[in-house]
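No value in this document is a laboratory result; all are computed from the given coordinates. Note that the structure is a prediction, hence the values are computed from the model and not measured. In this analysis, Cβ positions are derived from the backbone assuming ideal geometry, glycine residues included, and neighbour counts consider all displayed protein chains.
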Amino acid sequence: MIDALDANRDLTQAELVALVRGEGHVRSIAALRASGGLTLKTAFDRCFADPHVWRSIRAQATYQTNCKHVMKHFGEDRVIASITFSDVQAYITAQLDSKPPSAPGTINRRLACLGRMFSAMSELPDGPKTIPKIKYLPELGARKFSFTHQQEAAMFKAVAELDSLVPGSKGGPPRRRDAHLYLRLFKVLVETGVRLGEALRLRWSDVQGIEHDAGVIRLYRMKEIKNNKARSVPLTAEATAILLAIKAEGTRPVGPFQDLGKDRAEHVWNAAKKLAGIVDHDCVIHALRHTCATRLLKATGNINLVKEWLGHTTIKTTADTYAHVETDSMVDGAAALTSLRGTSLARS
């Protein structure tokens, strides 16, 4: 015990007792702590400081939130070498049994942080010699909602009407009349398929050629795009007209949507969705991106084009996400074959 105190003066009384009287797992944890083993907080801090791990990652805030959740369960001072496969499984079970339960996708993102940390720390001299195997949960898949043109018209009409609504009989704070600004944002999203965050961060230097009817949006700043995959997205006539109108106003010198925010966009979207009577849970702002991709794939039949347009890393991601479009196309193909047979029989 004296040697343990010499090695680590921060040992608690409970840990010293565990060293002497503890058995099995409890004593093992105390021994590792006594030897100055790498703790969970220290390991995560190293990952966020390492440029090869998370230091330059675009979604650092999300990673920090996930890491905090992991530390809340295991404890910041938990020695990472003491975390076993059974401990990880117990963590998964605890999340599934929570009220409300965490979604499989959310759990997997947290497990991915834990797994990446173990992988990074195992390469260091004071890191764990062995790391637990992490098994991810099956996910239901990405949201597949996409708008018909009629649904899109109804949704955008509802967004436009938000600015003309009057306060209820109970009064309340003054209504913000900015829905028309977000309507332009939503229209650009469905025309281009860019992500909400990408659109909000656009600068005028990223929007090129709109004065010559050959407009493109260039997404190339590695800290601001997902998967670090630069790409150029062509602009439709509708998107070009919107961006030209914003630029002509001269009130947004940095970018077309510089004064808009994600939280407010969500608020406007949900209010309009309720007004339009759309109850589908998957009808979120990201559905505008799905809508663009679905229409593009139906119009061209070129899944490689859709992959590059969306900036997916692999063709598998695109194929898995939009398999339903290909299925619909095959149904249309069967109908075409049936129609062709009927035409041929009539001729004979």
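Structural remarks
- Leading residue at positive end of dipole, the range 69-126 (Cβ point charges), from Phe118, Gly105, Ile92: Gly105
- Maximal additional length on extending the Arg252-Asn304 stretch stands at 15.2 nm, based on 0.36 nm per residue less the C-alpha distance.
- The length gained by stretching the chain between Ala160 and Asp50 to full extension, at 0.36 nm per residue less their Cα-Cα distance, is 35.0 nm.
- Listed residues Gln150, Leu189, Leu219: farthest to the positive end of the dipole of the range 149-332 (Cβ charges): Leu219
- Cα gyration tensor shape of the range 149-332, rounded if a/c is under 1.5, else prolate or oblate by comparing a/b with b/c: oblate
- Spin-label model, Val279/Asp259: points 7 Å from Cα along the beta carbon direction are separated by 3.8 nm.
- Sites listed here are chymotrypsin sites (Phe, Trp or Tyr not before Pro) in the range 211-290 whose DSSP assignment is loop and whose Cβ has at most 15 other Cβ atoms within 10 Å: Tyr220.
- Trypsin sites (Lys or Arg not before Pro) within the range 88-145: DSSP coil, no more than 11 neighbouring Cβ in 10 Å: Lys129, Lys133, Lys135
- Cα-Cα over 28 Å, subset of Lys144/Lys226; Lys157/Lys262; Lys247/Lys298; Lys229/Lys262; Lys99/Lys157: Lys247/Lys298; Lys99/Lys157
- The ranking of Trp204, Trp309 by Cβ neighbour count inside 10 Å, starting from the fewest, reads Trp204, Trp309.
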